[in-house]
Amino acid sequence: MRTAIVSDLHLGSAFGEDLLRDAGIRRTLFEELAGADRVVLLGDVLELRELPLAAALAAARPFFEELGETMAGRPVLLAPGNHDHRLAEPLLERLALSGETLGLEHRAAPAGEAATRIAAWLGDAELELAYPGLWLRDDVYATHGHYMDCHMSLPRLECVAAAATMRIARPLPERPSPADYEHVLQPVYGFTYGLAQGGSAWGGARPSERAWRAMATRDGKRAGRLRGAVVRAAIPAGVWGVNRLLRADFDADLSPETIARSGIDAAAEMARRLEIHASHTITGHTHRGGPAADEAAWTRPGGGMLHNTGSWVFATAFHRPGTPPSAYWPGTVTWLDDEGPPRRKRLLLEREHAELQAVVRATRR
């Protein structure tokens, strides 16, 4: 069985960064997926934290309809992540009412209005939900990876919120179950989803992107340089204060190397704590595809390899014109066969920065 895995589409982004709202880019993906026996949508397929649910679903509908045509008669598995966690709520509610403990894999038919609509749009493709992940082979486990937010040293808003929840309630045990992670993170997801139902949850740009733009500014303007200097000076003090308040250990170093290392280390820690005994563990979430030339960095200390499926999001704050595509460049499909390791295929490497930026601008309008 040939399995194609994609994640972090963020369909319905308020900022137009979800490239698969563009018909031409969808065509590129679906031509690749035509040879798959099954497709796994590994979380954050929908962006449900920026716009109301109805608007996000309307933006995503063409994708699902065309995916259904491509995969007619074949299975499509959807494993929700943090941005579309709402799709997992009916399954979690059923488990809670039955007294069953959340394990590494639970399968369910579509339930709830959003998932039911997606199933209808997929037509003859067979939709099934899996949460928090699924075994694709005896030696390959895949999950979106949002549980790693409890272990990241990067002071992202969601990681700080997770640290605050653990400070107020209780920290994770040394060997947490998926249910323990849900106790920490589910309130955060419910809060951010609720904010979006009243309209766009963010004004202009996300806080992390505003900070990154300010730190990385190279426009030569005095005001821009001053703003960047202020942000760079304020971050260590702010992180120190957060660490002291929450008894956390966030890192004030926001260099690309440190950010990359934080994501890989968090994925390894999540896999260790959940006791995922797999030769290959596949996640998304951080948008940084891998491994590439840095394969050694993706090796789990106890054995096994980590893999990341990358994303289909073009966040202009993190891609500078004239520079080679980084590990965050969008457009990745991860392929898995009956034998051998997962392998990534990057479908948009030949696209120019200006072309993808134009797609974002057109979608935003």
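Once you have the Kirkwood Rh of the range 223-365 from its Cα pairs, apply Stokes-Einstein at 37 °C and 0.692 mPa s and quote D in µm²/s.
Rounded, D is 186 µm²/s.
Taking all protein chains in place and a 1.4 Å probe, what share, in percent, of the accessible surface of the range 326-365 do carbon and sulfur account for?
On the range 326-365, the fraction of accessible area on carbon and sulfur atoms equals 46 percent.
Name the residues whose placed amide hydrogens come within less than 5 Å of the amide hydrogen of HIS10, ignoring near sequence neighbours (fewer than 5 apart) on the same chain.
When sequence neighbours closer than 5 places are left aside, the close amide H contacts are VAL45, LEU46.
Report, please, the projected area of the range 6-140 averaged over directions, based on the convex hull of its C-alpha atoms, in nm².
Average projection, Cα convex hull of the range 6-140: 8.2 nm².
Mind checking the per residue accessible area of the range 222-365 for me, 1.4 Å probe, whole number of Å²?
With all protein chains present, the range 222-365 gives 52 Å² per residue.
Summarise the long-distance tail of P(r) for the chain by giving the % of C-alpha pairs beyond 41 Å.
Everything past 41 Å amounts to 7 percent.
Would you work out the relative contact order for the range 227-365, in percent, from Cα pairs under 8 angstrom that are 6 or more residues apart?
Reported relative contact order: 16 percent.
Can you give the charge dipole size of the range 85-193 about its Cα centre, rounded to the nearest 20 debye, using +1 on the beta carbon of Lys and Arg and -1 on the beta carbon of Asp and Glu?
400 debye
Taking the full set of protein chains and a 1.4 angstrom probe, give the accessible area of ARG156 in square angstrom, rounded to the nearest 10.
Solvent-accessible area, nearest 10 Å²: 80 Å².
Would you mind getting the accessible area per residue of the range 1-136, heavy atoms of the protein chains only, 1.4 Å probe, in Å²?
34 Å²
Hey, how many Å between the Cα centroid of the range 150-190 and the Cα centroid of the range 234-296?
Between the Cα centre of the range 150-190 and that of the range 234-296, the gap is 14 Å.
Helix hunt in the chain: which complete DSSP H runs extend at least 18 Å axially by C-alpha with mean Kyte-Doolittle at least -0.5?
The qualifying helices are 53-70, 178-196, 222-246, 256-273.
Share of the range 50-177's accessible area from carbon and sulfur, percent, 1.4 Å?
54 percent
Quick check for me: using +1 on Lys/Arg Cβ and -1 on Asp/Glu Cβ, what's the dipole size of the chain about its Cα centre, in debye to the nearest 20?
For the chain, the charge dipole is close to 1680 debye.
The values are calculated or read from the model by the stated rules, or taken from the named source; none is laboratory data. Here the structure is a predicted model, which is why all the values come from computation and not from measurement. Because the Cβ atoms are built from the backbone with ideal geometry, glycine has one as well, and the counts that use them run over all protein chains shown. Keep in mind that these areas ignore ligands, DNA and RNA; they rest on the heavy atoms of the full protein, side chains included. Shrake-Rupley method; radii C 1.70, N 1.55, O 1.52, S 1.80 Å.
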